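Inspection log for the structure reproduced underneath, given as structure tokens.
No value in this document is a laboratory result; all are computed from the given coordinates. All values derive from a computational prediction rather than experimental measurement. Heads up, the Cβs are rebuilt from the backbone with ideal geometry, glycines too, and the neighbour counts pull from every protein chain shown.
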Amino acid sequence: MRLGIVQCLFTVLSAVLFASAQSVPAAPHTFTLTILVENVNKDDGNIGVLVFNSTRGWPEDRFAALKDIVVPAHPGTVTVTVPDLPAGGYAVAIAHDVNRNHKVDKNFLGMPKEQWGMSNNPHATIKAPSFNTAKFSLAGNLEIHVRMQ
């Protein structure tokens, strides 16, 4: 009789463990985006990187960005690593924040006084390039080059 109870408990426990193992969702796979920020012209301030996955807040709203990363600036090329991004469409806006005020300073015409850049390296005319112009697909670890303007 005791053996029957042990076998029954073993069967129930096995079923519970199997069912719980089946119901645990797999962790989403994430990737690393490496950004080579080229043509930085000064060693003052910081390089601010905003990563967006939608048009909301593009290109300057730090609070709407999916990621907001700040690294020290230095002349030449600055490497910025953005970890833990799931596969998807993204656009990156970058500013050389010389005076560390967390925004792109502009002149009286609204043109940037500090260096800036975006994924896909679009050129601005009268207004900032659109999210879709800067958008790229991330489906694995990726390295992009952004030339500061």
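Here are the numbers for the structure shown:
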read-out	value
Pairwise label distance in nanometres, Asn132 with Asp44, each label 7 Å out on the Cα-Cβ vector	3.9
Estimated Rh, the range 49-97: Kirkwood, alpha-carbon pairs, angstrom	11.6
R0 of 22 Å, Cβ-Cβ distance Arg147-His29: FRET efficiency to nearest 0.05	0.15
Virtual spin-label span in nm between His102 and Asp61, 7 Å along Cα→Cβ	1.6
Asp68 versus Thr125: modelled label distance in nm, points set 7 Å from Cα along the beta carbon direction	3.2
Net charge contributed by nearby residues that have their C-beta within less than 12 Å of Asn41 (K/R +1, D/E -1)	-2
Sparsely packed chymotrypsin sites (Phe, Trp or Tyr not before Pro) within the range 79-134, loop by DSSP, other Cβ within 10 Å at most 11	Phe108
